[in-house]
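The values are calculated or read from the model by the stated rules, or taken from the named source; none is laboratory data. This one's a predicted model, so the numbers in the text were calculated from it and none came from an experiment. Accessible surface is based on the protein model in full, side chains and every heavy atom, while ligands, DNA and RNA are left aside. Shrake-Rupley method; radii C 1.70, N 1.55, O 1.52, S 1.80 Å.
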Amino acid sequence: MTKIEQPTPLQIKSLRESVGLTQKQAAELLDATERTWRRWESDSDSINIPKSKWELFLMKTVTMPKKK
């Protein structure tokens, strides 16, 4: 089984943008608030995304086409 590492705010933002989701859409995908999502992506006001939520986001976005 692959160990899920804690992502940086930049990694979270990069993946979200690469699949073409807004912060609101990404938050809804994980049943989180937009404010919480913004904090997961923030360097200054950051809170760590729970690893289970990050893993779920990875699983849900793996089948999405990457935005060009």
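List of remarks:
- In order along the range 42-50, the Karplus-derived 3J(HN,Hα) couplings, from 6.51 cos²θ - 1.76 cosθ + 1.60 at θ = phi - 60°, round to 8, 7, 8, 10, 7, 10, 6, 5, x Hz, and Gly and Pro are given as x.
- Using the Karplus relation 6.51 cos²θ - 1.76 cosθ + 1.60 with θ = phi - 60°, the per-residue 3J(HN,Hα) values for the range 25-36 come to 5, 5, 4, 4, 4, 10, 6, 10, 8, 4, 4, 4 Hz, with x marking Gly and Pro.
- The chain: Lys pairs at Cα distance under 25 angstrom, eight or more positions apart or on different chains: 24
- Gyration tensor (alpha-carbon) shape descriptor, the chain, a/c threshold 1.5: rounded
- Accessible area per residue for the chain is 70 Å², calculated with a 1.4 Å probe on protein heavy atoms, without ligands, DNA or RNA.
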